[in-house]
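Visitor: Handing you a structure now.
Just so it is clear, none of the values below were taken in a lab; they were calculated from the coordinates. Quantities reported herein were computed from a predicted structural model and do not represent experimental measurements.
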Amino acid sequence: MKLAAALRIATLLLTFSLAAPVLAEENTLKEGAKDVGRAVGTAAREVGDGAKQVGKAVANAAKEVGEAAKEGAKEAKRAMQKDK
């Protein structure tokens, strides 16, 4: 029995020693995947922030054009009323 137990322990130790590099490699892959995920998330957030700023600029420009068109329409109406 002592020999069988010693063989089991030796087999377990051998298995763990062979599995350790695989586990370390798996952790490295996981860490790499996390780093890539963070980089993609950061890039997406930056693109979103840039798009938000562009959207605000377009909205402000459209507002200014709308206000100018409104003023132009008022002036045209006043000019027509003076002609009557």
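Visitor: Give me the lysines in straight-line cross-link reach of Lys82: C-alpha distance below 28 Å, same-chain residues under 8 apart excluded.
Guide: Lys82 reaches Lys70, Lys74.
Visitor: Same structure again: Per-residue HN-Hα couplings for region 55-63, Karplus 6.51 cos²θ - 1.76 cosθ + 1.60 at θ = phi - 60°, whole Hz, x for Gly and Pro?
Guide: Running phi through 6.51 cos²θ - 1.76 cosθ + 1.60 with θ = phi - 60° gives x, 5, 5, 5, 4, 5, 5, 5, 4 Hz.
Visitor: Pull out the extension gain between Ala5 and Val47, defined as 0.36 nm times the separation in residues minus the alpha carbon to alpha carbon distance; nm, one decimal.
Guide: Here the segment from Ala5 to Val47 would lengthen by 9.0 nm.
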